[in-house]
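Chemist: Sharing a structure below in structure tokens format, with a few things to ask.
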Protein chains: 2
Amino acid sequence: MFSKKKVLLLGATGETGSSILNGLQESGDFDVEVLVRPASANKPSVQRLREQGIRIWSLELDDYNELVSALTGVDILISAIGPHDLLQQKKLLQAAKLAGVKRIVPCAFMTVGPPQGAMLLRDEKEEIYNAIKFLGVPYTVVDVGYWYQISYPTLPSGKVDYAQIVPVTAIHGDGAAPNILTDLRDVGRFVARIVLDDRTLNRYVYTSGDVLSENEIFRIAEEMSGEKLEPSRITNEDIETSVEQARAALAHDPHDPMKRIGIYLTQYEHSKYVRQDNSPEYAGYLGYLSAKKLYPDFKPKTFRDFFVEVLAGKGKKVYA
Amino acid sequence: MFSKKKVLLLGATGETGSSILNGLQESGDFDVEVLVRPASANKPSVQRLREQGIRIWSLELDDYNELVSALTGVDILISAIGPHDLLQQKKLLQAAKLAGVKRIVPCAFMTVGPPQGAMLLRDEKEEIYNAIKFLGVPYTVVDVGYWYQISYPTLPSGKVDYAQIVPVTAIHGDGAAPNILTDLRDVGRFVARIVLDDRTLNRYVYTSGDVLSENEIFRIAEEMSGEKLEPSRITNEDIETSVEQARAALAHDPHDPMKRIGIYLTQYEHSKYVRQDNSPEYAGYLGYLSAKKLYPDFKPKTFRDFFVEVLAGKGKKVYA
């Protein structure tokens, strides 16, 4: 008899978490419950989930006994916790082990990169992956590359400004680094497949809709919009300088979240364009499976699919 | 046309390194050169390698340019550096990348365990594996479990004392933890196969001759020797206390290599018997390939093969 898998989702109101919640609901294969911290329990976004009839667990992440209660009977724990709170997942892992959760999907959902030394964000995630392996609990790490939603150029006409959080007007280095890209809305659709798949157990998986360089993205955007783009150029040295400056700023003020965001963003650029980590080749070297290859029946949105929508005024600004 | 692969071996005069050198020489598939540090260059053990006609490179491990020279034209770099000097491999990795080495086998050759947090020795090895992945150079990690040579019980008759470095008279916990074991002499034979195998590229592999619990080992030893064994019992709590004591001793005197050895030994016991890490099941979870399965044509020595030799007076004390 088919029975739905029970999922507990942490971070359900963030960009990644919302996509995951939608993907799980769309598939129909899951009973989803949501874990929020008490400070968020009355936010309108959480209230909307409650109104959908989703069970909400409001718990502190250091309340071990309550976490065990919430996790009892859960098949799959998925964490899309925010970047500043990654290390708060540790008690949750221990509780999941005790509760007998069958698969933990820790907060990954970023670009492909080395386990240590290239990105602060990735280094902290690695600490969690190591804690998982120390406990010996079943897991899957899912990375998604960079989102289409923050990877397309600003047009001179101003036509796509409505959907951009910051203007994108430059190309990094020679613009030729290939980048793994996924439509944010497909993240959850991929996750819904990945977490039911024995082949992905205790493995790393990356999703992708397209793999494109900046040169290719700008060319497609010109072709599809009919507008001429004249990107400025950011050299590898410029990127290295930005990383150093962000590092110095954080060292000066280590508890300021904005300074951490400065590090994340500059290190993303460094990893994607200078080191060129976010590529299928490096992912393969690191042992990742390709979700696109695992699920040939699923057609993720291509960058062109996405950009048609943006040009038609149907884009949506992330982090809005 | 078949041509021999060129190997540069570091640590060739240690127990693991000697086994690897023998294994590579036995196979006939390799031209082996050896890297030693100048402080060791005139040791009798190095002199013996020289007399065999092996090319010896005498270099400091922080002399980047010389390392690049030694590594130019090398197909495979194998490091069996001692446990206290693991972090000294870092410049070597960079030099190997520049020289275009096709596979790096960093110093692993221990039991299977989690990447972080269970054993100081493993934690430092992980730092090197992370440095390899940061550089993106091709690698293979080879672990071997524990050696038969230090895993068999002392007999009441005193018959095997000649080949033991310390008496083995106790069983840990309930004695039922399965342990991956390899004959030290087979380490090199496995390595000679592993480093020529595309399937092991950028993977972790464990070798094994047998997988046995202490209860099984003691039973086999009784049966083969005809002697009655009355092992004492070491509880998990005893092991945990020993680890704590060793940790405190090292904290008190962090630069004393003997204090580090105290940590290594107690953490080996903790990992093998309390955590029960050194098992095929946990190795599989961590993504290791089994060398025994990869090479069904190769028959590694079984524990019985080994113990027959020891009983016949043909054993050899390690670290002698």
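What follows is calculated from the coordinates using simple rules that are stated; it is not laboratory data. No experiment lies behind these values; they were computed from the predicted model shown. Because the Cβ atoms are built from the backbone with ideal geometry, glycine has one as well, and the counts that use them run over all protein chains shown.
Chemist: Confirm whether B:N202 is touching a helix residue (DSSP H, G or I) at 6+ places or on another chain (Cβ under 8 Å) and within 14 Å of chain A (Cβ to nearest Cβ).
Modeler: So B:N202 passes the test.
Chemist: Still on this structure, please answer the following. Kindly state which helices (runs of 4 or more DSSP H) lie completely within the stretch B:198-301 and contain at least 1 residues that are of a type in the set (S, T, N, Q) and over 30 Å from B:I132 (Cβ atoms).
Modeler: In the stretch B:198-301, the matching helices (runs of 4 or more DSSP H) lie at B:214-225, B:236-252.
Chemist: For B:Y148, indicate whether it is in contact with a strand residue (DSSP E or B) (Cβ under 6 Å, 6 or more places away or on another chain), surrounded by 22 or more Cβ atoms within 10 Å (Cβ to Cβ) and away from chain A (no Cβ under 14 Å).
Modeler: Yes.
Chemist: Those residues that are surrounded by fewer than 21 Cβ atoms within 10 Å (Cβ to Cβ) and hydrophobic (A, V, I, L, M, F, W, C), I need them from the stretch B:283-294; list them, please.
Modeler: Result: B:L286, B:L289, B:L294.
Chemist: On to the next question. Can you name the residue in the stretch A:225-284 that is of a type outside the set (G, A, S) and touching a Lys or Arg at 6+ places or on another chain (Cβ under 6 Å) and, of all such residues, is farthest from the other protein chains (Cβ to nearest Cβ)?
Modeler: Checked the stretch A:225-284; the qualifying residue farthest from the other protein chains (Cβ to nearest Cβ) is A:D253.
Quick grid of which residues meet (1) over 17 Å from B:N179 (Cα atoms); (2) buried (at least 20 other Cβ atoms within 10 Å of the Cβ); (3) in contact with a Pro (Cβ under 7 Å, 6 or more places away or on another chain):
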position: B:S271; (1), (2), (3): no, yes, no
position: B:E281; (1), (2), (3): no, no, no
position: B:P296; (1), (2), (3): yes, no, no
position: B:K299; (1), (2), (3): yes, no, no
position: B:K314; (1), (2), (3): yes, no, no
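Chemist: Being touching a residue at least 12 places away in the same chain (Cβ under 8 Å) and crowded, with 21+ Cβ neighbours inside 10 Å narrows it down to one residue among A:I234, A:I220, A:I180; which is it?
Modeler: A:I180
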